[in-house]
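Asks: Take this structure first; my questions come after.
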Amino acid sequence: MDNGLQQLVEISRIFGADSSYVIAGGGNTSYKNEEKIWIKASGISLATIDESGFVCLSREKLGVISKKEYSGDPLLRENEVKADLYEAIISPKELRPSVETSLHDLIGYRFVVHTHPTKVNGVMCSQQAEAVCKSLFGQTALFVPYTDPGYILFKKVGEGIREFKEIRGHEPQIIFLENHGVFVAADTTDEINFIYDQIMTKIDAKLVDELPCNKKTELESVLIDQVEKLHPGFAGYTAMGFKCDLHRRFVSDEEIFKKANKSFTPDDIVYCKAHYLYIPSQTTEEEILKTASEKVTAYYNTYGYLPKVLALQGEGIIGIEDSPKSARNVLDVYENILKISFYTENFGGPKFLNDEQIAFIDNWEVENYRRKMAKS
Ligand SMILES: [Zn+2]
């Protein structure tokens with residue numbers, strides 16, 4: 001086996017196993033030589049990946065995507081790009097390469113490790129993302145303002161890399177994406193680790209308060225036991241809840257919950273949907289059920305789908321999904337939203353995705369595929 005691929009497997013597992021870098025199926029990694037690139041397949045988890053979890057593609061064929069003219073209609077365009085991406089697959093044909101494949105290919109370094117670290121996103125999902133990025137990393141990193149994922153993001157990063165190279169004579173090894181995460185690139189995996197350490201050290205120095213203790217205990221609630229009563233659409237669904245100091249900090253009242261009631265990143269939407277539902281506490285179980293069911297129905301009428309996250313005032317967070325594994329994923333991803341929101345307080349407060357940005361992800365077929373894979 002190609003030695004680079006072996007190193008890629010090793011570094012992927014290290015980052016994948018650390019939930020402060022990636023959660024659920026998030027993040028992706030790649031290794032390339034002159035002719036080929038190996039990239040994580042969509043829906044495969046980095047933590048347990050081996051060589052069979054990577055898709056090998058022809059870089060010559062991938063190059064077509066950056067030169068070609070595509071449809072102006074976003075959904076048509078993404079489908080056309082996807083067709084060209086599949087065209088570039090050498091093996092295995094049945095796996096789907098990461099949606100960020102072209103972006104990885106664009107980067108000149110051999111290894112690329114793309115993650116969504118909680119602390120990095122504490123900066124990237126804040127009001128001061130760009131300014132903080134400039135002050136902490138100066139000329140060493142490229143900052144890319146939020147862009148819809150897929151082809152448009154690929155084009156924008158490509159432009160950014162070219163400009164960076166013109167000015168500084170080399171490509172950036174750190175690319176920060178607002179409301180998303182970071183790409184770190186290098187010719188060795190040791191250097192990747194070194195760069196990540198530097199990023200974390202710099203951000204750590206800016207964090208004033210420690211994260212509230214998140215030693216979770218199980219939340220007991222009638223909303224969990226009788227989730228099916230909240231809406232007919234919840235028939236057969238699993239609800240699960242946790243409470244801890246971190247959760248309680250955000251659910252003490254509706255005003256505070258506004259700091260965590262929307263999604264920060266595309267991945268948040270993939271797992272938890274874009275909006276999170278606050279349920280005010282009531283004196284009896286009957287009243288809680290009634291209030292919650294009214295709120296769930298109103299939510300459904302507004303967004304056209306059911307909520308996956310309920311915040312129960314003064315208590316904790318409830319995740320609702322069609323299986324225990326998926327409900328657990330919802331809770332893990334949502335807890336990360338709480339942590340990110342907490343960290344953004346060091347940088348002017350949270351900055352969520354806006355309605356248009358959310359709508360793009362909601363309509364994106366590629367993300368639906370990831371959702372499906374995450375459940376399987
Ligand atoms: Zn990503």
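Asks: Give, as a single signed number, the net charge of other residues whose beta carbon lies under 14 Å from the beta carbon of Phe264, with Lys and Arg counted +1 and Asp and Glu -1.
Replies: Here the charged neighbours net out to +2.
Asks: Now for a separate question. What is the percent carbon and sulfur in the accessible area of the range 217-375, measuring with a 1.4 Å probe over the protein chains and ignoring ligands?
Replies: 46 percent
Asks: Follow-up. At a Förster radius of 35 Å, what calculated FRET efficiency corresponds to the Cβ-Cβ distance of Gln139 and Glu210, to the nearest 0.05?
Replies: Efficiency computed from Cβ-Cβ geometry: 0.65.
Asks: Further question: Express in nm, to one decimal, how much length is gained between Glu159 and Thr291 on full extension, taking 0.36 nm for each residue of separation and deducting their alpha carbon distance.
Replies: So the extension gain works out to 42.5 nm.
Asks: Sticking with this structure for a sec: For Lys290, go through the lysines and keep the ones whose alpha-carbon is under 16 Å away, minus same-chain ones fewer than eight residues off.
Replies: Lys229
Asks: Shifting gears a bit: With no solvent and one equal point scatterer per Cα, compute the Debye intensity ratio I(q)/I(0) for the range 217-375 at 0.14, 0.16 Å⁻¹ and report its log10, rounded to two decimals.
Replies: Per q value, in the given order, log10 I(q)/I(0) is -0.66, -0.88.
Asks: Now, a different point. Can I get the semi-axes of the range 30-118's equivalent ellipsoid? Compute them from the C-alpha gyration tensor as square roots of 5 times the eigenvalues, in angstrom, largest first.
Replies: Sorted largest first and rounded, they come to 21, 15, 14 Å.
Asks: Given the pairs Lys243/Lys295; Lys155/Lys202; Lys206/Lys325; Lys134/Lys339; Lys155/Lys262, which are separated by over 31 angstrom at their Cα positions?
Replies: Lys206/Lys325
Asks: What FRET efficiency do you get for Ala47 and Glu94 if R0 is 25 Å and r is their Cβ-Cβ distance, rounded to the nearest 0.05?
Replies: Efficiency, rounded to the nearest 0.05: 0.70.
Asks: HN-Hα J couplings of the range 4-16 from phi, Karplus 6.51/-1.76/1.60, θ = phi - 60°, integer Hz, Gly and Pro as x?
Replies: Residue by residue, the range 4-16 yields x, 5, 4, 5, 5, 4, 4, 5, 4, 5, 5, 5, x Hz.
Asks: Within 13 Å, Cβ to Cβ, of Leu277, how many net charges do the neighbouring residues add up to if Lys/Arg are +1 and Asp/Glu are -1?
Replies: Net local charge, Leu277 excluded: +3.
Asks: OK, next. If we count every other residue with Cβ under 13 angstrom of Thr147's Cβ, Lys/Arg +1 and Asp/Glu -1, where does the sum land?
Replies: Local net charge: -3.
Asks: Let me know the charge dipole size of the range 3-204 about its Cα centre in debye, to the nearest 20, where only the beta-carbon of Lys, Arg (+1) and Asp, Glu (-1) is charged.
Replies: Magnitude of the dipole: close to 140 debye.
Asks: Over all directions, average the projected area of the Cα convex hull of the range 3-204 and note it in nm².
Replies: 10.9 nm²
Asks: Between the range 11-38 and the range 239-284, what is the separation of their alpha carbon centroids in Å?
Replies: Each part's Cα centre sits 29 Å from the other's.
Asks: Related question: Over the range 248-376, with the other protein chains present, what is the accessible area per residue in square angstrom, probe 1.4 angstrom?
Replies: I get 40 Å² per residue for the range 248-376.
Asks: Taking Cα pairs under 8 Å and at least six residues apart, what relative contact order does the chain come out at, in percent?
Replies: Worked out over the chain, it gives 17 percent.
Asks: Tell me the mean residue ellipticity at 222 nm calculated for the chain from its helices only (DSSP H runs of n ≥ 4, each -39500 (n - 2.57), averaged over every residue, nearest 500).
Replies: -14000 deg cm²/dmol
Asks: Highest first, please rank the peptides 47-55, 258-266, 293-301, 141-149 by the mean number of other Cβ atoms sitting within 10 Å of their residues.
Replies: Going by the mean number of other Cβ atoms within 10 Å, highest first, we get 258-266, 141-149, 47-55, 293-301.
Asks: Another question, if that's okay. When each pair of different Cα atoms in the chain is counted once in the 1/r mean, what is the Kirkwood radius in angstroms, to one decimal?
Replies: Every distinct Cα pair counted, the radius reaches 21.4 Å.
Asks: If I model a spin label at Asp355 and Ile167 as a point 7 Å from the Cα along the Cα→Cβ vector, what separation in nanometres do I get?
Replies: 3.5 nm
The values are calculated or read from the model by the stated rules, or taken from the named source; none is laboratory data. Please read all numbers here as calculations on a predicted model, not as lab measurements. Because the Cβ atoms are built from the backbone with ideal geometry, glycine has one as well, and the counts that use them run over all protein chains shown. Note: accessible area is taken over every heavy atom of the protein model, side chains too, but ligands, DNA and RNA are not part of it. Shrake-Rupley method; radii C 1.70, N 1.55, O 1.52, S 1.80 Å.
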